[in-house]
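Peer 1: This is the structure I want to talk about, given as structure tokens.
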Amino acid sequence: ASLSSPRASASPPPRASASPQSLDAHQGAYGTRIGKDHKNFVLMYDMLTGIRIVVSRTQAKPDRPLTDADYTASHKLAFDIGGDEMTPSSKYDFKFKDYAPWIFRDLRARFHIDPAEYLVSLTGKYVLSEQVTSGKSGSFFYYSQDYRFIIKTIHHREHTFLRAILRQYHEHVVAHPN
């Protein structure tokens, strides 16, 4: 998963004590379904559209060895209703920033996350379930429709910290594959 603006990261959710319900219901096993009338619908739409485009583009390229620059790489994309040569048209105008796409591609592969299944889970229906954390940060958790992945909003301080430790985290995953 790429760290993407709005600052968010996607990872597998914790195991539920009860089997999750379909997100077609208003209230799911994890939070509230985000529909078009929800106050965070546009944020969710923007995140999922950005993730869909950047993951698809990175996956479409042939695999290559990682470089030092991959750990600090970031790419800004601007989406608008008309679209252009870099981004498809979108329902809303927004900017999206993708961080370390090749590193996250490699991490997904090391965790045996199929890119197509990842995209279908997150962006297949543009349906997420939202839950606000009870912690001080007030972060939001967005669960994929099948509850396989979580997108967590983070504050700038967390964003800076995660980018600072990305190389060490990746090296740890490589050194300890199980």
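Peer 1: So which residues in the stretch 92-107 are over 14 Å from Lys76 (Cβ atoms), open to solvent by 20 Å² or more (accessible area, probe 1.4 Å) and in contact (Cβ under 8 Å) with a residue 60 or more places away in the chain, if there are any at all?
Peer 2: Phe104, Asp106
Peer 1: Continuing with this model, one more query. Looking at Val55, Val42, which is the one that is modelled with pLDDT of 95 or more, among the hydrophobic types (A, V, I, L, M, F, W, C) and part of a helix (DSSP H, G or I)? Lay out the reasoning, then the answer.
Peer 2: Numbers: Val42 fails: modelled with pLDDT of 95 or more.
Matching residue, one of Val55, Val42: Val55.
Peer 1: Say whether the condition of being assigned to a loop (DSSP other than H, G, I, E, B) and at pLDDT 90 or above is met by at least one residue in the stretch 166-176. Even if it seems obvious, please write down each step before you answer.
Peer 2: Looking only at the stretch 166-176, we keep the residues that are assigned to a loop (DSSP other than H, G, I, E, B), and these are 176.
Filter once more, so that each one left must be at pLDDT 90 or above: 176.
Yes: the stretch 166-176 contains one or more residues that are assigned to a loop (DSSP other than H, G, I, E, B) and at pLDDT 90 or above.
Peer 1: Is it the case that Leu119 is open to solvent by 50 Å² or more (accessible area, probe 1.4 Å), modelled with pLDDT of 90 or more and not in a loop (DSSP other than H, G, I, E, B)?
Peer 2: Values: open to solvent by 50 Å² or more (accessible area, probe 1.4 Å): no; modelled with pLDDT of 90 or more: yes; not in a loop (DSSP other than H, G, I, E, B): yes.
In short, no.
Peer 1: Select from the stretch 64-83 the residues that are farther than 15 Å from Arg105 by Cβ and open to solvent by 80 Å² or more (accessible area, probe 1.4 Å) and write down the one among them that is modelled with the lowest pLDDT.
Peer 2: In the first step, residues of the stretch 64-83 are kept if they are farther than 15 Å from Arg105 by Cβ; the result is 68, 72, 76-83.
Checking which are open to solvent by 80 Å² or more (accessible area, probe 1.4 Å) leaves us with 68, 72, 76, 81.
Numbers: Asp68: 98, Thr72: 97, Lys76: 93, Ile81: 82.
Residue satisfying both the conditions and the ranking: Ile81.
Peer 1: Could you grab me the full set of residues in the stretch 141-152 that are of a type in the set (Ser, Thr, Tyr) and either surrounded by fewer than 21 Cβ atoms within 10 Å (Cβ to Cβ) or outside any strand (DSSP E or B) (or both)?
Peer 2: Ser144, Tyr147
Peer 1: In the stretch 58-87, what count of residues is obtained for those that are in contact (Cβ under 8 Å) with a residue 24 or more places away in the chain and not in a loop (DSSP other than H, G, I, E, B)?
Peer 2: Number satisfying all stated conditions: 8.
Peer 1: Continuing with this model, one more query. Output yes when any residue across the stretch 15-32 is assigned to a loop (DSSP other than H, G, I, E, B), open to solvent by 20 Å² or more (accessible area, probe 1.4 Å) and at pLDDT 90 or above, and no when none is.
Peer 2: Quick first cut of the stretch 15-32, residues assigned to a loop (DSSP other than H, G, I, E, B) only: 15-26, 28-31.
If we keep only those that are open to solvent by 20 Å² or more (accessible area, probe 1.4 Å) too, we end up with 15-22, 24-26, 29-30.
Restricting the remaining residues to those that are at pLDDT 90 or above gives none.
No, there is no match, as no residue in the stretch 15-32 is assigned to a loop (DSSP other than H, G, I, E, B), open to solvent by 20 Å² or more (accessible area, probe 1.4 Å) and at pLDDT 90 or above.
Peer 1: Looking at the stretch 89-116, which of its residues are outside any helix (DSSP H, G or I), modelled with pLDDT of 85 or more and out of contact with any Phe, Trp or Tyr (no Cβ under 7 Å at 6 or more places or on another chain)?
Peer 2: Result: Lys95, Lys97, Asp98, Tyr99, Phe111, His112, Ile113, Asp114.
Peer 1: For the stretch 154-166, state whether one or more residues are open to solvent by less than 20 Å² (accessible area, probe 1.4 Å) and in contact (Cβ under 8 Å) with a residue 40 or more places away in the chain.
Peer 2: Just the residues of the stretch 154-166 that are open to solvent by less than 20 Å² (accessible area, probe 1.4 Å), to begin with: 159, 166.
Checking which are in contact (Cβ under 8 Å) with a residue 40 or more places away in the chain leaves us with 159, 166.
Yes, the conditions are met somewhere in the stretch 154-166.
The values are calculated or read from the model by the stated rules, or taken from the named source; none is laboratory data. Please read all numbers here as calculations on a predicted model, not as lab measurements. Heads up, the Cβs are rebuilt from the backbone with ideal geometry, glycines too, and the neighbour counts pull from every protein chain shown. Protein only, heavy atoms only, side chains kept; ligands, DNA and RNA dropped before computing areas. Shrake-Rupley method; radii C 1.70, N 1.55, O 1.52, S 1.80 Å.
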